[in-house]
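The values are calculated or read from the model by the stated rules, or taken from the named source; none is laboratory data. Just so it is clear, the model here is predicted, and its values are computed rather than measured. Here the Cβ positions follow ideal geometry from the backbone for every residue, glycine too, while neighbour counts run over all protein chains shown. Surface accessibility is based on the protein's heavy atoms, side chains included, excluding ligands, DNA and RNA. Shrake-Rupley method; radii C 1.70, N 1.55, O 1.52, S 1.80 Å.
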Amino acid sequence: MRTVLYILIGLVLVSCTSNTIYKKPKNLIPKDSMVALLTDMYIASSAKNQKNKFLKRENNYVVLVYEKYKIDSTRFDISNTYYTSKIDEYTEMLKKVKSNIDSLEVMYREEQLVQDSLKGLTGKDKVKKDTLLKRRMELTDLPEELVQKKEKALNKKELEIEKER
C-alpha cells in the first residue's frame, strides 16, 4: 500500500513541472520591435487613468499602439505568449523596456526644466504654477459651464503671475 502511495506522489510531483516552451510562431514579432511595443504598451496602460488636454479620459490607448505598429491583438498575444515561455529572454526584454521608460522619463523631465527656465520660472513661480495646474485638474469633476468659468479665472491668475515677473 505504501509503495502505491509513493508512486502516486512521485507521479504527481513529476507531472506538475511546467517546462512548456512553445514553437516559434510564423508571424512572431521580432525582439527589438517587441521591446518597443511593450514600452508603448506599458505607457499606454499607465496613461489609461490620465486625462488628456480636453480633460477627458481616453478609454483605451492600447488600440492606438496596435495601430502604430500595424498589428492586431492576436499577433501580440501569440508573440507575448511565446516570449513569456522563454523566461530568461523575456526578463532581458523587460529590463530593456524599463530602461526605455526610465530614459523617456529623464528626457521629459529635462525638457520640462528647459521650458520652465525659458519661461523664467523660479522656485516661487513654479510653486504657483503647480498649484494652478492642480486646481485645473480638480475642475474636471465639475459641470462644463463651471469648468469654463473657472478656467477663465485661472488664466487671469496665470497672466497676473507673468506680469509680476
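For the residues R75, R109, a 1.4 Å probe over the protein chains yields an accessible-area ranking, largest first, of R109, R75. Once Lys and Arg get +1 and Asp and Glu get -1 on their Cβ, which of S73, Y90, V35 lies farthest toward the positive end of the dipole of segment 19-117? Comparing the listed Cα positions along the dipole, S73 ranks first. With 0.36 nm allotted per residue and the present C-alpha distance subtracted, the V106-V63 stretch has 12.9 nm of extension available.
Gain on full extension, evaluated as 0.36 nm per residue between R2 and T20 minus their Cα-Cα distance, stands at 3.3 nm.
FRET efficiency for the K48 to K86 pair, using the beta carbon distance and R₀ = 22 Å, is estimated at 0.20.
Using θ = phi - 60° in the Karplus curve 6.51 cos²θ - 1.76 cosθ + 1.60, the 3J(HN,Hα) couplings for segment 69-82 round to 8, 6, 10, 10, 5, 5, 5, 4, 4, 5, 5, 5, 5, 4 Hz; x is entered for Gly and Pro. Pairs exceeding a 28 Å alpha-carbon distance, out of K70/K95; K51/K86; K68/K98; K24/K68; K31/K53: K51/K86; K31/K53.
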